[in-house]
Amino acid sequence: MVTNENPETETHDARSRLVMSALRLFAEKGYKAASTREICEAAGANISAIRYYFGDKAGLYRAAFTEPMGDTPCGSNIAAYAGLPLPEALIRFFTEFLEPLKKGEEIRLVMKLHFREMIEPTGVWQQEIDAEIKPQHEALVSLLKEHLALQRIDTDVHRLAFAIIGMAVHFYVGQEVVSAISPQVLNTLKAIDVLAERLAGYAVSMIEGEARRRAQEANHE
């Protein structure tokens, strides 16, 4: 008997359905209110599948919180391409950072879940800060320190790093606003790639402006 069934594919599909169902229900109801039973019903999976794939409800929540953003955390490779010319390094950074936006509705649910986590914390957000956001910030700060030829990292370098990353973050947290005002900014895959290039250009200008500010202050001392 010939069969097209592939156990590995079925396992991946079942796990993916659970993650997506959990993402939607956790985003809509929160961690406590969304039951594992209704998540499994929505995913068409047995209740025991949660223990099999994720260990427990908390493990499923962590998966729903992080996995839809992709296998590689946003901008996580910035340290790896820090040796590139600044404009090219920043284009790669923003292209990688904005890549999850191409998933559309799925990312809107991710952001809704992230917002909910901030007001109904489970501890996952702090883990995300420690494991992904802080290392990303530190890598960008190191890149700025090198480009600005600084002896040490000061508060203004951190300010500049937050401002640069903040430009891209706005297109996640402000998706609804952007779509209402100028939908063409995010409504195609090409538009998102162009956005990455533009943000890199804006960031170069910001860095050059900071270099001039420092030079002027040094001349006045």
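Need one number for the range 159-204: average projected area of the convex hull over its C-alpha atoms, nm².
Average projection, Cα convex hull of the range 159-204: 3.2 nm².
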Tilt of helix 105-119 relative to the longest C-alpha principal axis of the chain, in degrees (0 to 90, nearest 10)? 80
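Quick one: accessible area per residue over the range 7-68, 1.4 Å probe, rounded to a whole number of Å²?
53
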Computed on alpha carbon atoms, what radius of gyration and Dmax characterise the range 7-68, expressed in Å? 10.3, 33
Hey, any idea what % of the chain's accessible area is carbon plus sulfur with a 1.4 Å probe? 53
Counting only pairs 8 or more places apart or on different chains, how many lysine pairs in the chain have C-alpha atoms closer than 30 Å? 24
Taking Cα atoms, the helix 7-29 axis meets the longest principal axis of the chain at an angle in degrees (rounded to 10) of 70
Would you mind estimating how fast the chain diffuses translationally, via Stokes-Einstein at 37 °C and 0.692 mPa s with the Kirkwood radius over Cα pairs, in µm²/s? 168
For the chain, set up a GNM with springs between Cα atoms under 10 Å and report which of Phe54, Phe93, Phe26 has the largest fluctuation. Phe54
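In the chain, once you exclude exposed trypsin sites (Lys or Arg not before Pro) (DSSP loop, at most 12 other Cβ within 10 angstrom), what's the longest stretch remaining? If you can, show how the numbers build up before the last one.
Details: sites that count: Lys32, Arg152.
Formally, the longest exposed-site-free interval is 33-151.
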In degrees, nearest 10, range 0 to 90: what is the angle between the Cα axis of helix 155-173 and the longest Cα principal axis of the chain? 40
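The values are calculated or read from the model by the stated rules, or taken from the named source; none is laboratory data. Keep in mind that what you see is a predicted model, and the values were worked out from it rather than measured. Positions of Cβ are generated from backbone atoms using ideal geometry, with glycine treated the same way; all protein chains shown enter the neighbour counts. Keep in mind that these areas ignore ligands, DNA and RNA; they rest on the heavy atoms of the full protein, side chains included. Shrake-Rupley method; radii C 1.70, N 1.55, O 1.52, S 1.80 Å.
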